[in-house]
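No lab work stands behind these numbers, since they all come straight from the coordinates. Keep in mind that this is a model prediction, so the values were computed, not measured. Note: ideal-geometry Cβ built from the backbone for every residue, glycine included; neighbour counts use all protein chains shown.
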Amino acid sequence: MSKLLTLPGLVDVHVHFRDPGQLQKEDFYTGTSAALAGGFTTVIDMPNNTVPITTAQLLKEKIQIAKTKTVSNIGFHFGSLGNNLDEFEKVKNKVFGLKLYLNQTTGGFIIGKKELVRIYDAWNSPQPILLHAEDDVLDMVFEIVKKTKRPTHICHVSSKEELLKIAKAKEKGLPVTCGVTPHHLFLTKEDAKRLGAFGRMKPFLKGKRDTDFIWKNFAYVDIIESDHAPHTLQEKNADAPFGVPGLETTLPLLLTAAEEGKLSIDEIVQLCHTNPIKIFNIKLKEESFVDISMEKFTVQRKKLLTKCGWSPFEKRQLIGKVVNVTVGRKKVFENGKVLIRPGDGKVITPKT
Ligand code: DOR
Ligand code: ZN
């Protein structure tokens with residue numbers, strides 16, 4: 001047995017579990033099982049379901065479903081297309097953030113500047129606004145953040161230009177944080193050619209100049225977010241919807257990079273535990289731990305617990321196999337198997 005590394009349970013504030021609406025891709029049980037297998041004991045799910053989660057009633061129904069299926073801690077972000085401002089007051093203690101799309105992606109829930117201004121005025125909550133905002137819209141975004149001072153998290157930074165703009169905004173003292181996905185750190189557009197539909201996501205994969213720049217300027221990156229966005233093999237082969245799964249490969253990719261001297265274990269804990277907890281006001285009643293065997297393994301689809309059953313990192317040799325996950329005093333995962341029943345995990349809110 002190679003040596004065991006023990007880390008606190010990791011937190012991923014950016015997952016798409018597709019429940020309700022697209023259960024062929026994932027559901028709360030398979031999604032949270034994949035989370036545990038990847039060392040994540042807490043996840044926050046995005047609102048771009050087939051019927052987007054933009055009312056208190058829809059959020060309530062989603063929470064009810066999650067309560068019967070989850071095996072990890074799970075919380076939610078709310079959504080808006082600019083026509084549900086009256087709902088904000090009702091949900092603001094129940095969600096960890098408000099997610100808005102300023103560029104085209106899965107679901108097509110894109111909004112423009114007019115709606116964005118109205119939403120920023122109405123979101124009267126300490127919880128951050130999370131933005132899918134690529135390079136072309138960032139100047140406009142930071143103008144609004146400067147005026148409103150609302151905490152704003154820029155999701156999945158993928159290019160040099162984006163990170164430069166975010167760094168400048170931070171240096172000016174704007175309340176801005178950002179996240180990077182593993183695919184934007186460990187894959188480039190060269191891989192996209194090889195992977196075809198299985199390397200297609202939004203933002204698109206960029207060049208080596210971009211990944212190199214992000215690695216060199218990690219000081220400006222607050223969190224790692226998987227953007228776990230499963231689609232079935234059949235769907236990918238048919239019309240190549242945007243998105244790739246990530247929960248089960250994020251930690252091994254980072255641990256492999258740590259072995260190569262690209263970042264430290266302490267930084268992994270900051271990026272995947274301490275910072276997300278701080279930025280999103282996550283209060284966890286129980287401590288959780290992940291034991292990892294620092295051995296080499298090859299990413300194989302048959303070993304994955306995500307329902308979509310594939311990974312853009314298949315055949316990569318990585319270091320770091322999650323062997324045990326403990327939440328509170330309970331062992332919840334061991335050697336590839338979830339040990340608790342659907343619904344034994346907890347739905348969390350910023351006030352719990
Ligand atoms: O690639 C992506 N897939 N990017 C997003 O922003 C959304 C996600 C999805 O829901 O499939
Ligand atoms: Zn996403």
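What ranking do 323-336, 108-121 get when scored by the average of other Cβ atoms within 10 Å per residue, highest first? All intermediate terms of the calculation are to be shown ahead of the outcome.
Values: 323-336: 16.9, 108-121: 15.2.
The peptides rank, most packed first, as 323-336, 108-121.
Taking the Cβ of F313 as the center, what net charge do the other residues with Cβ under 10 Å away carry, scoring Lys and Arg +1 and Asp and Glu -1?
Summing Lys and Arg as +1 and Asp and Glu as -1 gives -1.
Quick one: order F218, F186 by neighbouring beta-carbon count within 10 Å, fewest to most.
Listed from fewest to most nearby Cβ atoms, that is F218, F186.
Per DSSP H run of at least 4 residues, take -39500 (n - 2.57); add these up for the chain, divide by its residues and hand me the 222 nm value, nearest 500 deg cm²/dmol.
Details: 13 runs with 111 residues, N = 352.
Value at 222 nm, helices only: -8500 deg cm²/dmol.
Near P241, within a Cβ-to-Cβ distance under 12 Å, what is the net charge of the other residues, with Lys and Arg +1 and Asp and Glu -1?
Neighbourhood net charge equals +3.
For the chain, report the translational diffusion coefficient in µm²/s to the nearest whole number, using Stokes-Einstein at 37 °C, 0.692 mPa s, and a Kirkwood Rh over Cα pairs.
164
Past 32 Å, Cα to Cα: identify those pairs from K236/K283; K216/K331; K278/K331; K90/K165; K94/K146, in the order given.
K236/K283; K216/K331; K90/K165
Over the stretch 1-147, what relative contact order in percent results from Cα pairs under 8 Å that are six or more residues apart?
RCO, the stretch 1-147: 19 percent.
Testing the spin-label approximation: label points 7 Å from Cα along Cα→Cβ at N103 and L85. State their distance in nm.
Using points 7 Å along Cα→Cβ, the separation is 2.8 nm.
Net charge around H14, counting only other residues with Cβ within less than 10 Å of its Cβ (Lys, Arg = +1; Asp, Glu = -1)?
Taking every other residue near H14 into account, the sum is -3.
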